[in-house]
1. Quick one: count up the residues across region 94-132 that are in contact with a Phe, Trp or Tyr (Cβ under 9 Å, 6 or more places away or on another chain) and without any contact (Cβ under 8 Å) to a residue 12 or more places away in the chain.
2. Can you name the residue in region 68-122 that is part of a helix (DSSP H, G or I), among the hydroxyl-bearing types (Ser, Thr, Tyr) and open to solvent by 40 Å² or more (accessible area, probe 1.4 Å) and is also modelled with the lowest pLDDT among such residues?
3. Could you please give the count of residues in region 188-210 that are part of a loop (DSSP other than H, G, I, E, B) and either in contact with a Leu (Cβ under 8 Å, 6 or more places away or on another chain) or open to solvent by 70 Å² or more (accessible area, probe 1.4 Å) (or both)?
4. Within region 12-43, take every residue that is open to solvent by less than 20 Å² (accessible area, probe 1.4 Å) and part of a loop (DSSP other than H, G, I, E, B) and give me the one that is farthest from residue 140 (Cα to Cα).
5. Being of a type outside the set (D, E, K, R) and over 17 Å from residue 220 (Cα atoms) is the filter here; which residues of region 177-206 pass it?
6. Restricting attention to region 64-86, does a residue exist that is within 25 Å of residue 213 (Cβ to Cβ), of a type in the set (Val, Ile, Thr) and in contact with a strand residue (DSSP E or B) (Cβ under 9 Å, 6 or more places away or on another chain)?
7. Please determine, by comparing only the residues of region 173-187 that are assigned to a loop (DSSP other than H, G, I, E, B) and touching a residue at least 60 places away in the same chain (Cβ under 8 Å), which one is farthest from residue 15 (Cα to Cα).
8. Name every residue in region 157-185 that is within 21 Å of residue 106 (Cα to Cα), open to solvent by less than 10 Å² (accessible area, probe 1.4 Å) and not hydroxyl-bearing (Ser, Thr, Tyr), in order of residue number.
Amino acid sequence: MADLDWAVFDLNGTLLDPAALSAALPAPCNGEQAGLDLLDETVQRAMVDTLVGQYLPFADYLRSAVTRRLQLAGLTAESGVVRAAVETAGRMPPYPEVPDALALLREAGLRIATVTNSTTATAEAALEAAGLRERFDVVTGSDRPRAYKPAPEVYRSGLERIGTDASRAVMIASHGWDLHGAKASGMATAWVARKERLFLGSLSEPDFTGSDVLDACRAITRA
């Protein structure tokens, strides 16, 4: 850890729990995994637009994913339901161990940032709603590079905003594809195994692994 100055987090699904999004949906769309599934679908659509050189705010892709999910279930995609789901996604609670994990990193002398696929303003508001904003030195989103992770320009833009070299930062995420992009950009990586459980062998192996955010941060600070 001696070479690291910054801990850089993914936001949605790593620090903040999408289960709240599930609860905002009507039956039968509100299963336990519905929030994570919607987040994955939203990310996929955002990635596609990055590949073809287009960009919309992350909430637009989420709105489309929620509408599709309701229609597939035979429900009317009422604007109020869709709006409520998108608003809920902007105020998801943190996973229980997150405050302790952030405190541990701070005690170890690391500064803390997030590089997220949300817009910067949305990320700022989400962290504020979660009671975490004051713990972050830098918050930067997809609106700055107008692209989505794991595109290299997103990490490059984030590191420029943070003001550090890639070799001085560790990316912490629950998504293997996110860490693959960060590693390709020269960052160290820490995988939170809560969601994926088994790391995909075709991706760049993470430098640190933990069962949850706190466990991953302990691995970083012990290095």
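1. 0
2. Among those that are part of a helix (DSSP H, G or I), among the hydroxyl-bearing types (Ser, Thr, Tyr) and open to solvent by 40 Å² or more (accessible area, probe 1.4 Å), it is 79.
3. Matching residues across region 188-210 total 12.
4. 29
5. Selection gives 177, 180, 181, 184, 185, 198, 199, 200, 201, 202, 203, 204.
6. no
7. 187
8. Those that are within 21 Å of residue 106 (Cα to Cα), open to solvent by less than 10 Å² (accessible area, probe 1.4 Å) and not hydroxyl-bearing (Ser, Thr, Tyr): 158, 169, 170, 171, 172, 173.
The values are calculated or read from the model by the stated rules, or taken from the named source; none is laboratory data. As the structure is a computational prediction, the values presented were derived from the model and not from experiment. Neighbour counts are summed over all protein chains in view; Cβ atoms, including those assigned to glycine, are modelled from backbone coordinates with ideal geometry. Accessible surface areas use protein heavy atoms only, side chains included; no ligands, DNA or RNA. Shrake-Rupley method; radii C 1.70, N 1.55, O 1.52, S 1.80 Å.
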